[in-house]
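Trainee: The following block contains the structure, expressed as structure tokens.
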Amino acid sequence: MSIQTARIEAAESGTPVASRFGDVYHPTAGARAQAEHVFLRGCGLPERWRGRSQFTVLETGFGLGNNFLTLLAAWRGDAQRCDRLHVVSIDAHPPTREDLAHWLGAGGTDDADRHALIAQWPPAIAGLHRLQFADGRVTLTLALGDVQVLLPKLALRADAIFMDGFAPAKNPAMWDAAVCKALAERAAPGALLATWCATGQLRRDLADCGFVVEKQPGFGHKREMTVARWPGQRAGAQTQPSVRTHRANAQTTDVIVIGAGLAGAAVAAALARRGLHVAVLERDAEPAARTSSHLAAAFRPAMARGSTPLARLTLAGCLLATQQWPAQAWAPCGALQMEPDEAEGRALLAAQGWPADFARWVEQDDAASLLGLRPAAGGIWFETMGYARPRELVAHWLAQPGVALHVHCAVERVERTPMGWRAIGADGRAQEADQLVLAQGPADLQAAHGLHTLSLSPVRGQCSLIDGLAPQLKAVLAGAGYLLPAQGGITVLGASYEHGEAAEDERESSHQQAQAKAAALWPGFEAAAQGKPRRAWTGIRVVTPDRLPVIGALPDPQAAPLARPGAPQLADMPRLPGAWIANAYGSRGLTYALLGAELITAQMLGEPLPIERDLADAVDPARFAWRNLKRGKTRPFSA
Ligand SMILES: Cc1cc2nc3c(=O)[nH]c(=O)nc-3n(C[C@H](O)[C@H](O)[C@H](O)COP(=O)(O)OP(=O)(O)OC[C@H]3O[C@@H](n4cnc5c(N)ncnc54)[C@H](O)[C@@H]3O)c2cc1C
Ligand SMILES: C[S@@+](CC[C@H](N)C(=O)[O-])C[C@H]1O[C@@H](n2cnc3c(N)ncnc32)[C@H](O)[C@@H]1O
């Protein structure tokens, strides 16, 4: 879906005005002063985040980020601040990076955060974008899209809500009853909502949704502002619903992750970054020795004419990865998605509505100069995509303090304990923790440890690695297969697809598949490959019947779904307490690893989800049983 960036001009006073709405971004009396008075004080900050492990702020209208930067400065300046601050802010018309930099100006005490915001500013692409500040202790989830569409899809519990659209008369969509209802549905017990707006209609709409509304003195020339409280009280001082942390005792383990491939290593690091102690149990002598042992692998979003879950998920995964991967593990060299049918390719690109700095059409000649070799056709050029080295990513994630890697540790069985889970190795040794994450890749096909009945299938794949094939290739050339820029002189050609097969032997027929794909991409391939030494790299992908990954809480096959009137809901599917899975990443382990890790972590710790609710549902491990249930199957967990 396309996003139109803001058109901003200066009012006579110098205050920024949005031309589309004919209204100012903030009063002349000052954006930061308004943020302090209306939003921070109105929401009882900084006091209300004190003593909390995490605190979540939801904002309607990110605009130029003045409220966010004021909030961040207050958090930094408060010795008693919460450990982690999550801000989720919606905007349909974000400024361009240049406008943001211009209007945020220079100077001030929060220069570093302002620069960090500008540096991480995402492309104008609809959906959720996650930015990090203060070493990841503060996250900003920018939800780009219309509040009416996107707010109902956000999965979070807000402790504070800032309502900051343009004036209701000029921007009614930001203030109507539907928005109030969606905010109420996302308010945590005891949440406070604040806004400079004091219309009777807004107060009535908020009150109708269940907020307890009051007037307070306004800012600048405004006599009044609105503060509304969501009833109830949050439980306890900490808000980590399902995980105890044992910070006092470094010997104990909060989470066991089985498997040190891309999926498991990323989950372990994400949890450890939140202060949990994570034990990663790996059967091999070293991590990433199986399907994640590639020399290098490609990443770019999948494209579809419509907005499919696969297209949205892979886009979200690629954007998150390129924001957060460590520089040493990947190359933003650019990637060409070759499209032999130009009309078809152009239509596909147009359907995405992406800005040209993210993806644009390139003719064959331009593609040749971008790639360094002449492809068979032009296609879609992704400026910021490329390739990564999975083993380096895994090494980086496992080096996160708080992660303890145990190699030669093949888990044979897992058991429930009164406190959580016990994983027992082949040598009889056991590890215990509150939470368990299965990230076993293809091994889960045989050993699900009796925890699930998911239908996972293998797809064997073989890459051809050819020495000295294409030293001139500067970027990823992709289509049905791919060629990567040389790694130590070796060019990787991907890959064969052999459905239902899980053997790792080298096969000539698989080389032929990979090479045929390379030849279709690069007419010069056959000649260049003549006489060059060749070897194979083989791995086993895991796929589900709907070809989407399984990421999230495992369903409990023994328990009955929650009985409610009406159609069964996915959220009501019973879960195995503290048991999670990150698997079936198919051909897209790079794209999904970090997204999956952030999703599981957010679900485990009650943080805002990094993707929309419907996307989290699309990868929910309980979705297959739920679909069976909806179809009236009496035994929903049997395939
Ligand atoms: C030919 C081919 C080409 C590919 N190309 C790309 C590409 O270009 N881009 C891309 O993004 N993706 C690509 N992929 C996909 C990507 O490689 C996978 O999605 C990813 O590696 C899967 O990671 P994983 O962590 O789920 O599995 P794995 O890497 O297999 O990790 C699972 C780990 O669990 C361990 N384990 C299993 N059972 C146990 C147990 N009982 N106890 C302890 N440890 C256990 C295993 O030893 C292993 O280390 C490709 C795959 C193939 C096969
Ligand atoms: C007053 S400005 C927000 C100022 C901002 N909070 C700040 O601190 O700089 C209002 C914002 O609401 C956004 N907006 C207007 N209509 C919207 C809609 N229907 N959905 C989402 N955002 C919208 C505008 O693009 C604009 O950025």
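Trainee: Restrict the check to the stretch 80-97 and report whether at least one residue is of a type in the set (Lys, Arg), in contact (Cβ under 8 Å) with a residue 12 or more places away in the chain, touching a strand residue (DSSP E or B) at 6+ places or on another chain (Cβ under 9 Å) and in a strand (DSSP E or B).
Mentor: Step one: filter the stretch 80-97 for residues of a type in the set (Lys, Arg), giving 81, 84, 97.
Cutting the leftovers down to in contact (Cβ under 8 Å) with a residue 12 or more places away in the chain gives us 81, 84, 97.
Checking which are touching a strand residue (DSSP E or B) at 6+ places or on another chain (Cβ under 9 Å) leaves us with 81, 84.
Now restrict to residues that are in a strand (DSSP E or B): 84.
Scanning the stretch 80-97 turns up at least one residue that is of a type in the set (Lys, Arg), in contact (Cβ under 8 Å) with a residue 12 or more places away in the chain, touching a strand residue (DSSP E or B) at 6+ places or on another chain (Cβ under 9 Å) and in a strand (DSSP E or B).
Trainee: Is the stretch 271-292 home to any residue that is of a type in the set (Gly, Ala, Ser), in a helix (DSSP H, G or I), away from ligand 2 (no atom under 16 Å from the Cβ) and open to solvent by less than 20 Å² (accessible area, probe 1.4 Å)?
Mentor: Yes, there is a match, as at least one residue in the stretch 271-292 is of a type in the set (Gly, Ala, Ser), in a helix (DSSP H, G or I), away from ligand 2 (no atom under 16 Å from the Cβ) and open to solvent by less than 20 Å² (accessible area, probe 1.4 Å).
Trainee: Something else: Looking only at the stretch 77-112, how many residues end up being more than 12 Å from ligand 2 (Cβ to nearest atom) and surrounded by fewer than 21 Cβ atoms within 10 Å (Cβ to Cβ)?
Mentor: Total satisfying the criteria: 18.
Trainee: For Ala377, state whether it is touching a helix residue (DSSP H, G or I) at 6+ places or on another chain (Cβ under 9 Å), among the hydrophobic types (A, V, I, L, M, F, W, C) and under 26 Å from Ser292 (Cβ atoms). Spell out the reasoning first.
Mentor: Values: touching a helix residue (DSSP H, G or I) at 6+ places or on another chain (Cβ under 9 Å): yes; among the hydrophobic types (A, V, I, L, M, F, W, C): yes; under 26 Å from Ser292 (Cβ atoms): no.
Judged against the criteria, Ala377 is not a match.
Trainee: Looking at the stretch 493-509, can you tell me whether even one residue there is assigned to a helix (DSSP H, G or I) and crowded, with 17+ Cβ neighbours inside 10 Å?
Mentor: no
Trainee: Output the number of the condition that Ala480 fails; it satisfies all remaining conditions of (1) open to solvent by 20 Å² or more (accessible area, probe 1.4 Å); (2) within 13 Å of ligand 1 (Cβ to nearest atom); (3) in a strand (DSSP E or B).
Mentor: Looking at each condition in turn, Ala480 falls short on (3).
Trainee: Let me ask you something else. Counting only residues that are small (Gly, Ala, Ser), give me the strands (runs of 3 or more DSSP E) lying completely in the stretch 325-416 with at least 2 of them.
Mentor: Answer list for the stretch 325-416: 386-388.
Trainee: I need the strands (runs of 3 or more DSSP E) fully contained in the stretch 1-76, keeping only those with at least 1 residues that are more than 10 Å from ligand 2 (Cβ to nearest atom) and acidic (Asp, Glu).
Mentor: 8-10
Trainee: Another question about this same structure. Please list, ordered by first then second residue, the pairs with beta carbon atoms under 9 Å, 6 or more apart or interchain, first in the stretch 465-486 and assigned by TED's automatic domain parsing to the domain that holds Tyr497 and among the aliphatic types (A, V, I, L, M), second modelled with pLDDT under 95 and open to solvent by less than 10 Å² (accessible area, probe 1.4 Å).
Mentor: If the second residue must be modelled with pLDDT under 95 and open to solvent by less than 10 Å² (accessible area, probe 1.4 Å), the pairs left are Ala478/Gly494; Leu483/Gly494; Leu484/Gly494.
Trainee: Still on this structure, I have one more. In the stretch 341-369, what count of residues is obtained for those that are surrounded by fewer than 18 Cβ atoms within 10 Å (Cβ to Cβ) and in contact (Cβ under 8 Å) with a residue 40 or more places away in the chain?
Mentor: Of the residues in that region, 5 qualify.
Trainee: Then there's this: For the stretch 119-172, what are the residues that are open to solvent by 40 Å² or more (accessible area, probe 1.4 Å) and either in contact with a Lys or Arg (Cβ under 6 Å, 6 or more places away or on another chain) or among the aliphatic types (A, V, I, L, M) (or both)?
Mentor: Ala119, Arg137, Val149, Lys153, Ala169
Trainee: OK, next. Is it the case, given these coordinates, that Asp444 is within 16 Å of ligand 1 (Cβ to nearest atom) and among the charged types (D, E, K, R)? Before the answer, list the steps.
Mentor: Numbers: within 16 Å of ligand 1 (Cβ to nearest atom): yes; among the charged types (D, E, K, R): yes.
Yes.
Trainee: Mind listing whichever residues of the stretch 132-157 are in contact with a Ser or Thr (Cβ under 9 Å, 6 or more places away or on another chain) and away from ligand 2 (no atom under 15 Å from the Cβ)?
Mentor: Across the stretch 132-157, the qualifying residues are Gln132, Phe133, Leu156, Arg157.
Trainee: Scan the stretch 407-420 and tell me whether some residue there is within 24 Å of the chain's Cα centre (by Cα) and open to solvent by 50 Å² or more (accessible area, probe 1.4 Å). Let's see the steps before the verdict.
Mentor: Of the residues in the stretch 407-420, the ones within 24 Å of the chain's Cα centre (by Cα) are none.
No; the residues of the stretch 407-420 include none that is within 24 Å of the chain's Cα centre (by Cα) and open to solvent by 50 Å² or more (accessible area, probe 1.4 Å).
The values are calculated or read from the model by the stated rules, or taken from the named source; none is laboratory data. Remember, predicted model here, so these are calculated numbers, not experimental data. Please note: Cβ atoms are built from the backbone with ideal geometry, for glycine as well, and neighbour counts cover all protein chains shown. All accessible areas refer to the heavy atoms of the entire protein, side chains included, with ligands and DNA or RNA removed. Shrake-Rupley method; radii C 1.70, N 1.55, O 1.52, S 1.80 Å.
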